[in-house]
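In what follows, a structure is listed as structure tokens, so that the remarks can point back to it.
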Amino acid sequence: MKPTSIIFLIISVMLALVGLLLCFTATNMAADQGVNLFTQTGDADSNYTSVHEFDGESIKKLVINLSNVDINVYGGAESNRVELVNFPDGAYDLSISKSTLQLSDNANISNLIDIDNLKINFNGFRDYLHYFRYKDKERTVNLYFTDTASAITLSVSTEANVTLNDLRLNCDYKINVIKGNVSVSNVKTDSSMTIESTEDSQIELVSTSVNDLRIDGITAYANIKSSGFTRSMYIDIKSGSVDYNRMEDDFTGFNLYLRAAAGTISYFNEIKYGDYSEKNYIDIGTGDEEPGTDDGDTDVGDEPSEGEEPENPTGGSSSVEAYSVTIILGEGNIKVY
């Protein structure tokens, strides 16, 4: 190594040490004087939160795609905002445009240095220290909506847990978890809700009202109670269980199809084996017909193959598509009560 290079290296190390000393000194002085050095605010447990507000009436699409991060979505808030807990500056990508909000991971620490239009914007060496201070802490996203928010699509994807609570957004909900749990409570929408799970998950819906519900899982345990579905419910789980506490006394007006390939079906305290179905669809082709009922088991030839959704019993002749409740479970038990 050339002598000049050695000299510059020594100077660089000395400057770095001086920078560290100044950072520690500034941190202690700021703590004594109650001054916040960083964009995140800390709580008593040393969790740091940054808050980003958005226009709930103009934002129509929200997409959150993160790795091992719990995501909580709440309604009835005083302001529309995203709270990022233990997200160091530069460790995430958050973009808020006129109609779209997107949040994703960006784990490259080098992004603490933003290069924009050939300019280097460096927040300071202190941000690197701050990054390492809580980079391994558990991260959480809290998303808040007011009652006047008007999102059309909310898409959430994570390896951890998802919670939806007290929401009145009339939007499509799309939830994807890998090995986390999904908890939905007191949510109402005239649109659809789709929940996908690729590993072991607990899925619970309480006091939820949606137009169409779809749940797809590999190993999942679904518990649905005090909830209603205006048009359809479709559940396809390879292994696990489904407990459905239906608010109505029966399935009048709905096609019902239950399949437990390797398990039992408990249907209002009656044990069924294999496949069970009821054709209770409404055909209003002339406007004079009464809802038809068929409480017996359907012939095997009438059942759809595994993984295939039942056909419309009206043959498409009616102006209204038949409503349906379908639960398909590869291994495990189905309980309807």
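The values are calculated or read from the model by the stated rules, or taken from the named source; none is laboratory data. Given the structure is predicted, the values throughout are model-derived calculations rather than measurements. All Cβ positions, glycine included, derive from the backbone under ideal geometry; neighbour counts span all protein chains shown. Keep in mind that these areas ignore ligands, DNA and RNA; they rest on the heavy atoms of the full protein, side chains included. Shrake-Rupley method; radii C 1.70, N 1.55, O 1.52, S 1.80 Å.
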Qualifying residue in the stretch 233-251 (condition: more than 19 Å from SER197 (Cα to Cα), crowded, with 18+ Cβ neighbours inside 10 Å, in contact (Cβ under 8 Å) with a residue 40 or more places away in the chain and over 25 Å from the mean Cα position of the chain (by Cα)): yes
The lone exception for ILE64 - which of (1) within 21 Å of the chain's Cα centre (by Cα); (2) modelled with pLDDT under 95 it fails: (2)
Answer residue from the stretch 146-182, given it is farther than 22 Å from SER104 by Cα and among the β-branched types (Val, Ile, Thr) and is least open to solvent (accessible area, probe 1.4 Å) among those: THR146
Number of the exception - GLN40 against (1) of a type in the set (S, T, N, Q); (2) open to solvent by less than 30 Å² (accessible area, probe 1.4 Å); (3) modelled with pLDDT of 95 or more: (3)
Cross-chain or 6+ apart pairs with Cβ under 6 Å, the stretch 158-176 first and without any contact (Cβ under 8 Å) to a residue 24 or more places away in the chain, then of a type in the set (Gly, Ala, Ser) and assigned to a loop (DSSP other than H, G, I, E, B): CYS171/ALA151; CYS171/SER191; ASP172/SER191
Listing of strands (runs of 3 or more DSSP E) fully contained in the stretch 69-116 that carry 1 or more residues being modelled with pLDDT of 75 or more and open to solvent by 30 Å² or more (accessible area, probe 1.4 Å): 70-74, 81-85, 92-96, 100-105
